[in-house]
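To start, the structure under review is shown below, and the notes come after it.
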Amino acid sequence: MVSETIQDALNAQINRELYSAYAYQALSAHAEEAGLKGVANWFSVQTQEELQHARKLYAFLLSRQGSVRLDTIEAPPQKFECVLEMFECALEQECALSVKIGELMTLARKEGDHATEILMQWFVTEQVEEEDTARDIVDKLKLAGARGEGLYLVDQELALRKYEAPKA
């Protein structure tokens, strides 16, 4: 059974993951409107990953006899000056999620909730990967430039990304 403190923290994280998915979907739509199908694809795949993260937390909470509480999702930013700004926003979002995952890990340790701590270890590893990937794209965009051939090549690379459902 999960404590009320952990339940509240997990519910908050579920809602943060859902907001993140919502924000990525907005980025995908903005990229699609700008004719950047590869960028739109990358953000669309990221949306699916964030939804999977929310589902993972949701299933865990229910398996521990907790209650899931879904809150209102705030509207994400909708206007961006360039692709670099979009990915800087994505990186900022991932860094913010990492902080919250770390806080959840600390709370689970404090509460002596080993099952939640183990789950959070998976998320810590996932966040390291998420931040690294977003930072890599930011770096590529800075090198390639915001327009022209460089952006075209980055867009083509991002078009190759496919969603892979996590293994059971």
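Each value in this text was obtained by applying a stated rule to the coordinates, not by laboratory testing. What you are looking at is a predicted structure, and each value in this text was computed from that prediction instead of being measured. Because the Cβ atoms are built from the backbone with ideal geometry, glycine has one as well, and the counts that use them run over all protein chains shown.
General remarks:
- DSSP-loop GluC sites (Glu not before Pro) across the range 24-77, with at most 14 other Cβ within 10 angstrom: Glu74
- Here Lys142 is the anchor, and the lysines within straight C-alpha reach of less than 26 Å, apart from those fewer than 8 places off in the same chain, are Lys37, Lys79, Lys162.
- Converting phi to 3J(HN,Hα) with the Karplus coefficients 6.51, -1.76 and 1.60 and the offset θ = phi - 60°, the range 81-89 yields 6, 7, 5, 4, 4, 4, 6, 5, 5 Hz in sequence order, with x at every glycine or proline.
- The chain, dipole about Cα centre (Lys/Arg Cβ +1, Asp/Glu Cβ -1), debye to the nearest 20: 360
- Calculated FRET value between Glu164 and Asp8, using beta carbons and R₀ = 30 Å, to 0.05: 0.45
- The modelled label-to-label distance for the pair Asp139/Leu153, using points 7 Å beyond Cα in the direction of Cβ, is 1.6 nm.
- Measuring gaps between exposed loop sites in the chain (trypsin sites (Lys or Arg not before Pro); DSSP loop; at most 11 other Cβ atoms within 10 Å), the longest gap, sites not included, is 1-78.
- Taking one quarter of the surface of the convex hull spanned by the alpha-carbon atoms of the chain gives a direction-averaged projected area of 9.5 nm².
- Cα-projected label distance for Thr106 with Gln48, points at 7 Å along beta-carbon direction, nm: 3.5
- Residue-span extension gain [Met1 to Ser67] - 0.36 nm each, minus C-alpha spacing: 22.7 nm
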